[in-house]
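J.: Encoded as structure tokens, here's the structure I'll be asking about.
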Amino acid sequence: MLIPATRNVLIEPSLQRLKRRAVLVRGVVQGVGFRPFVYRLALETHLAGSIGNNTDGVTIEIEGAGEEIDEFLQRLRTDAPPMARIDSVAVRDLEPTGESEFRIVTSQVLGNVSTGIPADAGTCVDCLRELLDPRDRRYRYPFLNCTNCGPRFTITRRIPYDRPQTSMAAFPMCAACQAEYDDPLNRRFHAQPNACWDCGPKVWLVDPEGHDLAADNPVIACIDRLMAGQIMAIKGIGGFHLGVDATNESAVMRLRERKHRFGKPLAVMVRDINAARQVCVLSPEEEALLQEPARPIVLARARDGDAIAPAVAPGIPWLGVFLPYAPLQHLLFTDPRVQALVMTSANLSEEPIAIDNDEARTRLKDIADAVLLHNREILQRCDDSVAALVDGAPQIVRRARGFVPLAVELPMDAPPLLAVGGHLKSVFALARGRDAYQSQHLGDLENLAGLEFFKESLDHLMRTFEIVPQTVVHDLHPGYLSTAWAKEWAQERGLPLIGVQHHHAHIAGCMAEHALEGPVIGLALDGTGYGIDGRIWGGEVLVARLGRFERFAHLEYVPMPGGDAAVREPWRMALAHLRAAGFDVTSSETLTRLGAKEKEGRVLAHMIERGINAPLTSSLGRLFDAVAAVVLNRRVADYEAQAAIELEGIAVGEPDESDGYPIALEGGNWAKREPMRMKVAPLWAELLRDLCGGVSKPRMAARFHAGVANGFTRAAATARAATGISTVALSGGVMHNRRLALLLRMKLEAEGFQVYQHRRVSPGDGGLSYGQAAAAAAKLIKN
């Protein structure tokens, strides 16, 4: 079917002076207002032709004078809509036909999919103005949107991204909405979620058992309950939130108890950027990040004061703050009583976020006091994304709503493959050609619910992008559920497997993000990763290319008494480190400092001596835990990396300590490929002297960070002397640490290194699958 132009520029066909071009635009160019933009551009440049969507991207034919075609092609890139991302523009000559109008044609489904579903985007300023305008027909309508904003990925079954392929297919448009949808000059032209009060989704309130609660205005009733201290489950874009008044300490504590989330910080939604400035100290870069279309949670320095309940983010100086991104959320803040809301994923800790109405009523009935529902189906679970400003630039902490399913480019053409990621912060990646499609954040693969979410998301992305993996890539850890599943899935299909070492995947991800071929010196710094020697790595200096690596140096091995229990109880790592450094860990003074009983100390010492459930680790994350246990008396961690985060937090405001605690480099023979050991016994000796001498905790934390940065800079310099490599890639979960990332970059650059850090992909395990895909593709291409 042809959609006629509402305004045509008729062109006198003089075939001698006319030229015609076929243009193929690839990237995120569907569902973002690209076709009406091209239509208007064609009118302004007096060109005839057509535009349509297909699975390859957007196809355009233009005909007119050569100089006007040149202007069109230039403005195609420079004036594109804000949500569009143009990856490539291919142009070829055609014979002029004498066509006299520009048309929009219907979508075609053919060939392999190479275009992208757009990510969900926060409410635009035009829609927000309509939402709050009593004269507008969509006044206070909770689901208004246009081609510049609204849900995309979370309501899409497959591409092309057209209304029949979305959950909005259940809502036939009224005449007024249809007229907007059909008008190429309207902001809602082919806005697939387009709807209004007359034809679109509705919202209503129920009790925890699912019984309707009478309310003239369910949104206002929800606000009243929030201000009364109740816990509300609120259906959003990618799932349900659990919301409470963030200024109400007792309400926040009750949420923590019911959700079983003790200690871990909660995210806070505020009305607008001015409100965000009231609760956080924001740099211009952080303000820009908050207001991106993705509307991520931004980890920013909290202001002193009592505006936010202390239980929201206990023990740390940062607050996860974000802005409303859906009309329904904006409506919650139209009441002046609402200053800030805790809005956290609606689930019990470590479970996938709830998305279905019946599922929410079942899973949340013991948490929420009431539930605000709507009937627009969420097809894809998608948590809020999290970002932070690290060393002056945005860094992804959790890649989900607003960023998924946008492709991240690979530096080579990959055959179709699946990389399954790790165990914690699970994210898989599907790759084909230059595109790697990472899944949304899936949580930890600790249970059957997590695995089902993994499989559900994989099925959707494979179907959406029509990628049938020919190779499966996995971590080397034999105990990871992702590894076991990958082996079983590949065996069922007769597919080859490629195992990629955990820390090599981290470094390969940083390299691929910056299109580095290598070799590089890779500093892979994290908590846990299975090494090729069967031990637990995490403080690594690697010499790496995309397809292979060698180990140049590492933190000295220490036992992890109790295995995973040592992660949950940092005092165990402190005891192991102190014993390795030559201190008497059975003395009453040491045990008192660690908050341990005499019997506990003897049992752990016995485990270490006999090698009973005490695997060896070179992890920097575990060293952070040990130091936090000694300096901050952090005996038990309520959430992953809590001890390290608190240690970083207490150092905020302290100047850089160039005389950091010392780390010694010993042994090693690069010619024989024997790695150097980075011994931390000197670090412990000086730290304990400071502790006994009454040095402040912030100063000790600052000296520790400086010592780690100094130690790894020296190790990198030693690696350069042996290899001639002057490029460093930084990766691993510890690189979320703002202070350490800054110190490492500064010290490495002072030594003449060129330093690369992650920006578009998380340096933690959320980015692992991207690195696995890059490493595996490099191996496959070489072979």
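The values are calculated or read from the model by the stated rules, or taken from the named source; none is laboratory data. The structure displayed is predicted, hence computed values, not measured ones. Neighbour counts are summed over all protein chains in view; Cβ atoms, including those assigned to glycine, are modelled from backbone coordinates with ideal geometry. Accessible surface is based on the protein model in full, side chains and every heavy atom, while ligands, DNA and RNA are left aside. Shrake-Rupley method; radii C 1.70, N 1.55, O 1.52, S 1.80 Å.
J.: Could you please give the count of residues in the stretch 461-497 that are surrounded by fewer than 20 Cβ atoms within 10 Å (Cβ to Cβ) and within 26 Å of Arg759 (Cβ to Cβ)?
T.: 0
J.: Sticking with this structure for a sec: Can you tell me which of (1) part of a loop (DSSP other than H, G, I, E, B); (2) touching a strand residue (DSSP E or B) at 6+ places or on another chain (Cβ under 9 Å); (3) open to solvent by 10 Å² or more (accessible area, probe 1.4 Å) is the one Ile367 doesn't meet?
T.: If we test Ile367 against (1) part of a loop (DSSP other than H, G, I, E, B); (2) touching a strand residue (DSSP E or B) at 6+ places or on another chain (Cβ under 9 Å); (3) open to solvent by 10 Å² or more (accessible area, probe 1.4 Å), just (3) comes out false.
J.: Could you tell me whether the stretch 626-634 includes any residue that is touching a strand residue (DSSP E or B) at 6+ places or on another chain (Cβ under 9 Å), crowded, with 21+ Cβ neighbours inside 10 Å, closer than 29 Å to Ala311 by Cβ and of a type in the set (A, V, I, L, M)?
T.: Scanning the stretch 626-634, I find at least one residue that is touching a strand residue (DSSP E or B) at 6+ places or on another chain (Cβ under 9 Å), crowded, with 21+ Cβ neighbours inside 10 Å, closer than 29 Å to Ala311 by Cβ and of a type in the set (A, V, I, L, M), so the answer is yes.
J.: Mind listing whichever residues of the stretch 203-217 are surrounded by 14 or more Cβ atoms within 10 Å (Cβ to Cβ) and either in a loop (DSSP other than H, G, I, E, B) or touching a Pro at 6+ places or on another chain (Cβ under 6 Å) (or both)?
T.: Hits for the stretch 203-217 are Val203, Trp204, Leu205, Asp207, Pro208, Gly210, Leu213, Ala215.
J.: Could you tell me which residue of the stretch 227-253 is farthest from Cys382 (Cα to Cα), considering only residues that are in a strand (DSSP E or B) and of a type outside the set (A, V, I, L, M, F, W, C)?
T.: Across the stretch 227-253, the extreme among qualifying residues is Asp245.
J.: Suppose the filter is within 23 Å of the chain's Cα centre (by Cα) and either surrounded by fewer than 20 Cβ atoms within 10 Å (Cβ to Cβ) or under 28 Å from Leu461 (Cβ atoms) (or both); does Leu373 pass it? Give the steps one after another, and end with the answer.
T.: Values: within 23 Å of the chain's Cα centre (by Cα): no; either surrounded by fewer than 20 Cβ atoms within 10 Å (Cβ to Cβ) or under 28 Å from Leu461 (Cβ atoms) (or both): yes.
So Leu373 fails the test.
J.: Continuing with the same structure: Checking Arg568 against (1) crowded, with 19+ Cβ neighbours inside 10 Å; (2) touching a residue at least 40 places away in the same chain (Cβ under 8 Å), which test does it fail?
T.: (1)
J.: Among the residues of the stretch 387-408, how many are open to solvent by 20 Å² or more (accessible area, probe 1.4 Å), within 16 Å of the chain's Cα centre (by Cα) and not small (Gly, Ala, Ser)?
T.: Total meeting the criteria: 7.
J.: May I ask you to list pairs of residues, at least six apart or on different chains, whose Cβ atoms are under 7 Å apart, with the first in the stretch 249-266 being hydrophobic (A, V, I, L, M, F, W, C) and the second being open to solvent by 70 Å² or more (accessible area, probe 1.4 Å)?
T.: Phe262/Asp638
J.: Please go through (1) outside any strand (DSSP E or B); (2) farther than 23 Å from Ile273 by Cβ for Leu328 and return the number of the only condition it doesn't satisfy.
T.: Answer for Leu328: the failing condition is (2).
J.: Oh, and also: Determine if the stretch 273-283 includes at least one residue that is in contact (Cβ under 8 Å) with a residue 60 or more places away in the chain, surrounded by fewer than 20 Cβ atoms within 10 Å (Cβ to Cβ) and either outside any strand (DSSP E or B) or among the charged types (D, E, K, R) (or both).
T.: Yes: one or more hits.
J.: For the stretch 656-692, name all the residues that are in a strand (DSSP E or B) and charged (D, E, K, R).
T.: Glu666, Glu674, Arg677, Lys679
J.: Which residue pairs have Cβ atoms closer than 8 Å, lie 6 or more positions apart in sequence or on different chains, and pair a first residue in the stretch 690-703 that is closer than 10 Å to Val631 by Cα with a second residue that is open to solvent by 40 Å² or more (accessible area, probe 1.4 Å) and among the acidic types (Asp, Glu)?
T.: Matching pairs, first to second residue: Pro698/Glu654; Ala701/Glu654.
J.: Given the stretch 22-139, what helices (runs of 4 or more DSSP H) lie entirely inside it while holding 3 or more residues that are modelled with pLDDT under 90 and under 24 Å from Pro151 (Cα atoms)?
T.: Of the helices (runs of 4 or more DSSP H) lying wholly inside the stretch 22-139, those with at least 3 residues that are modelled with pLDDT under 90 and under 24 Å from Pro151 (Cα atoms) span 34-44.
J.: If I filter the stretch 500-517 for residues that are touching a helix residue (DSSP H, G or I) at 6+ places or on another chain (Cβ under 7 Å), surrounded by fewer than 24 Cβ atoms within 10 Å (Cβ to Cβ) and touching a residue at least 40 places away in the same chain (Cβ under 8 Å), do I get at least one hit?
T.: The answer is no; no qualifying residue exists.
J.: Criterion first (touching a residue at least 12 places away in the same chain (Cβ under 8 Å), out of contact with any helix residue (DSSP H, G or I) (no Cβ under 8 Å at 6 or more places or on another chain), among the charged types (D, E, K, R) and surrounded by fewer than 22 Cβ atoms within 10 Å (Cβ to Cβ)) does Asp638 satisfy it?
T.: Yes; evaluated as a whole, the condition is true for this residue.
J.: Identify, please: which residue in the stretch 291-313 is assigned to a strand (DSSP E or B) and in contact with a helix residue (DSSP H, G or I) (Cβ under 7 Å, 6 or more places away or on another chain) and is, among those, most open to solvent (accessible area, probe 1.4 Å)?
T.: Ala302
J.: Scan the stretch 748-768 and report the pairs whose first residue is among the polar types (S, T, N, Q) and whose second residue is in a loop (DSSP other than H, G, I, E, B) and open to solvent by 20 Å² or more (accessible area, probe 1.4 Å), with Cβ atoms within less than 7 Å and a gap of 6+ or a chain change.
T.: Gln754/Ser726; Gln757/Asp391; Ser762/Arg399
J.: If you don't mind, there's one more thing I want to ask. When you go through Gly667, Gly732 one by one, which is the residue that is at positive phi and free of Cβ contacts under 8 Å to residues at least 40 places away in the same chain?
T.: Gly667
J.: Exactly one of these conditions fails for Ala288: (1) of a type in the set (A, V, I, L, M); (2) closer than 21 Å to Pro310 by Cβ; (3) not in a loop (DSSP other than H, G, I, E, B). Give me its number.
T.: (2)
J.: Name the residue, out of Leu623, Leu591, that is of a type outside the set (Gly, Ala, Ser), part of a helix (DSSP H, G or I) and more than 25 Å from Arg535 (Cβ to Cβ). If you could, list the steps in order and put the result at the bottom.
T.: On the way: Leu623 fails: more than 25 Å from Arg535 (Cβ to Cβ).
Of Leu623, Leu591, the one residue that is of a type outside the set (Gly, Ala, Ser), part of a helix (DSSP H, G or I) and more than 25 Å from Arg535 (Cβ to Cβ) is Leu591.
J.: Moving to a separate point now. Being open to solvent by 10 Å² or more (accessible area, probe 1.4 Å) and closer than 21 Å to Glu351 by Cα is true for just one of Gly238, Gly263. Which residue is that?
T.: Within the list Gly238, Gly263, the selection yields Gly263.
J.: Are there strands (runs of 3 or more DSSP E) fully within the stretch 484-553 with at least 2 residues that are within 25 Å of the chain's Cα centre (by Cα) and closer than 16 Å to Leu730 by Cβ? List them.
T.: 520-530, 536-544
J.: Please determine, by comparing only the residues of the stretch 168-189 that are outside any helix (DSSP H, G or I) and surrounded by fewer than 14 Cβ atoms within 10 Å (Cβ to Cβ), which one is modelled with the lowest pLDDT.
T.: It comes out as Leu185.
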